[in-house]
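Since the structure comes first, as structure tokens, the remarks are kept for the end.
The values are calculated or read from the model by the stated rules, or taken from the named source; none is laboratory data. Note that this is a predicted model, so its numbers are computed, not measured. Glycine also receives a Cβ, built like all others from the backbone with ideal geometry; neighbour counts cover every protein chain displayed.
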Amino acid sequence: MNTHPVILLDPVFHFLDAVIRDYGLYIYMLMVWLSPLLIVWILTGGFWRKSSRQRPVAEIQIIVIHPTTAPPSLPPVIPRKPTHSPDDHDNQSFAA
């Protein structure tokens, strides 16, 4: 008995070749018409949706602690000093 994988699967390959040769057009048209349904199913969560029969193994409880004291006040605002005085009439600041 030969146990080589290619020789063992040779009848399967011949069967698939015959099916594609005889019904390839119908298989192609079926795939074209079913692909939008598959895309919609995937986008609506078909892979990620959990079954209603499954129960969660563990539930995670989130504890939120609200502070009872007021937050500290903001630091005082330090005014900026102007880089030049407003009464400076230097018209040739970019002169060479």
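Taking the criterion of being modelled with pLDDT of 85 or more and polar (S, T, N, Q), would at least one residue in region 46-58 satisfy it?
Looking through region 46-58, none of the residues is modelled with pLDDT of 85 or more and polar (S, T, N, Q).
Hey, could you check region 8-42 for residues that are surrounded by fewer than 10 Cβ atoms within 10 Å (Cβ to Cβ) and of a type in the set (Val, Ile, Thr) and say which is modelled with the highest pLDDT?
Within region 8-42, the match that is modelled with the highest pLDDT is 32.
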